[in-house]
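Have a look at the structure below before the remarks.
The values are calculated or read from the model by the stated rules, or taken from the named source; none is laboratory data. Since the structure is predicted, the reported quantities are computational estimates derived from the model, not experimental observations. Every residue, glycine as well, gets a Cβ built from its backbone with ideal geometry; the counts of neighbours run over all protein chains shown.
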Amino acid sequence: MTPVNGRFRHALKILKYIWDNRKKPVILLSYDPLFAPFASIFKKDILVFEHNTTPQNGLSKHLVWQKLFFGRVRRMAQFPAQYARLLKIGNNATYIGSPILPMKISAQKKRALSTPYLFLAPSYRANILELERYSELLNGAMILTKKSVGVTSTEVHSVSNLAIQYMDRVEFCYDGRMVDAVIITVQSRVRGTGWFNDSISNQTPIVIIDPDTEALFMETFPGYPFISLGRIENPVQFEQLLEQVRRFDSMTYAKSHNALIRARFFDMCDELSIRVEC
């Protein structure tokens with residue numbers, strides 16, 4: 001976590017940059033929700049790309065702050081339900097979408113049929129115990145996950161018949177081998193995860209365990225295949241679906257998907273009379 005004084009200094013630096021460029025369009029690809037309203041005082045057409053600062057259902061200090069002070073900040077929403085939520089709390093928002101970075105993946109060693117699966121559960125908030133009820137489907141897999149607060153060891157731990165490897169940093173390749181899938185443990189209707197985008201870019205199957213997250217994914221990436229773990233009946237079906245998703249042309253999908261985002265972005269700029277050079 002960034003120290004308070006470091007956060008404040010960084011905010012001043014960004015605010016100074018916005019002030020120096022106040023006569024030009026300014027787009028923030030990330031932002032601090034505490035200080036963003038101050039930027040809108042002297043830069044009325046400031047645009048920010050929304051990540052996961054959208055308040056979810058229920059009363060919170062974040063909701064009150066954003067309802068009171070975010071009226072002049074134009075937020076570019078990644079997810080349709082996120083966009084709807086921002087409008088509901090009275091914020092200024094445009095639905096843009098969640099871009100995918102097309103990548104050409106170098107050949108990596110893949111799973112041999114006789115070896116356990118290698119899965120990635122990337123979020124430090126991942127509830128690994130939630131995966132225990134799917135242990136038969138996951139079939140003795142190795143699960144790579146980012147260390148959470150309080151976890152200091154990187155040793156392998158066992159949960160049911162799964163091997164859990166806690167790591168400081170998680171990546172798509174481990175010990176020279178590509179992971180077989182990314183298991184998304186996020187449970188939210190309005191907040192997604194960048195691991196959606198990274199998994200598509202890396203042509204890695206996406207496995208989702210939460211119905212709300214499934215709905216969010218299908219709205220954001222319509223037509224892109226994923227695996228709903230709760231609907232899998234047996235390990236053989238799971239293995240077949242993994243192979244089907246792996247063969248999907250994700251790069252062609254990414255180009256088409258990004259073209260729609262580009263069109264929405266320039267439509268928004270035209271609406272706001274903002275001139276942006278390509």
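Select from the range 156-182 the residues that are of a type in the set (Gly, Ala, Ser) and assigned to a loop (DSSP other than H, G, I, E, B) and write down the one among them that is modelled with the lowest pLDDT. Ranking the qualifying residues of the range 156-182, first place goes to Ser160. Across the range 243-273, the number of residues qualifying as polar (S, T, N, Q) and either outside any helix (DSSP H, G or I) or surrounded by 15 or more Cβ atoms within 10 Å (Cβ to Cβ) (or both) comes to 3.
The residue of the range 199-215 that is nearest to Phe248 (Cα to Cα), among those that are touching a residue at least 60 places away in the same chain (Cβ under 8 Å) and assigned to a helix (DSSP H, G or I), is Ile200.
For the range 60-70, the count of residues that are crowded, with 18+ Cβ neighbours inside 10 Å, without any contact (Cβ under 8 Å) to a residue 40 or more places away in the chain, touching a helix residue (DSSP H, G or I) at 6+ places or on another chain (Cβ under 7 Å) and not aromatic (Phe, Trp, Tyr) is zero. Which of the residues that make up the range 38-64 are more than 17 Å from Val190 (Cβ to Cβ) and under 24 Å from the mean Cα position of the chain (by Cα)? Within the range 38-64, Ile46, Leu47, Lys61 meet the criteria.
Every residue, every condition in (1) of a type in the set (A, V, I, L, M, F, W, C); (2) closer than 23 Å to Thr193 by Cβ, yes or no:
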{"position": "Ala39", "(1), (2)": "yes, no"}
{"position": "Phe42", "(1), (2)": "yes, no"}
{"position": "Leu47", "(1), (2)": "yes, yes"}
{"position": "Pro55", "(1), (2)": "no, yes"}
{"position": "His62", "(1), (2)": "no, yes"}
{"position": "Gln66", "(1), (2)": "no, yes"}
{"position": "Phe69", "(1), (2)": "yes, no"}
{"position": "Arg72", "(1), (2)": "no, no"}
{"position": "Phe79", "(1), (2)": "yes, yes"}
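Could you please let me know if Met218 is among the hydrophobic types (A, V, I, L, M, F, W, C), assigned to a helix (DSSP H, G or I) and under 15 Å from the mean Cα position of the chain (by Cα)? Yes, satisfied.
Of everything in the range 17-35, what is among the acidic types (Asp, Glu) and surrounded by 15 or more Cβ atoms within 10 Å (Cβ to Cβ)? Give them in sequence order. Across the range 17-35, the qualifying residue is only Asp32. Of all residues in the range 215-242, those that are charged (D, E, K, R), modelled with pLDDT of 95 or more and either closer than 24 Å to Thr115 by Cβ or crowded, with 19+ Cβ neighbours inside 10 Å (or both) total 0. Restricted to strands (runs of 3 or more DSSP E) entirely inside the range 51-143, those with at least 3 residues that are touching a strand residue (DSSP E or B) at 6+ places or on another chain (Cβ under 6 Å), of a type outside the set (A, V, I, L, M, F, W, C) and modelled with pLDDT of 90 or more are 92-95.
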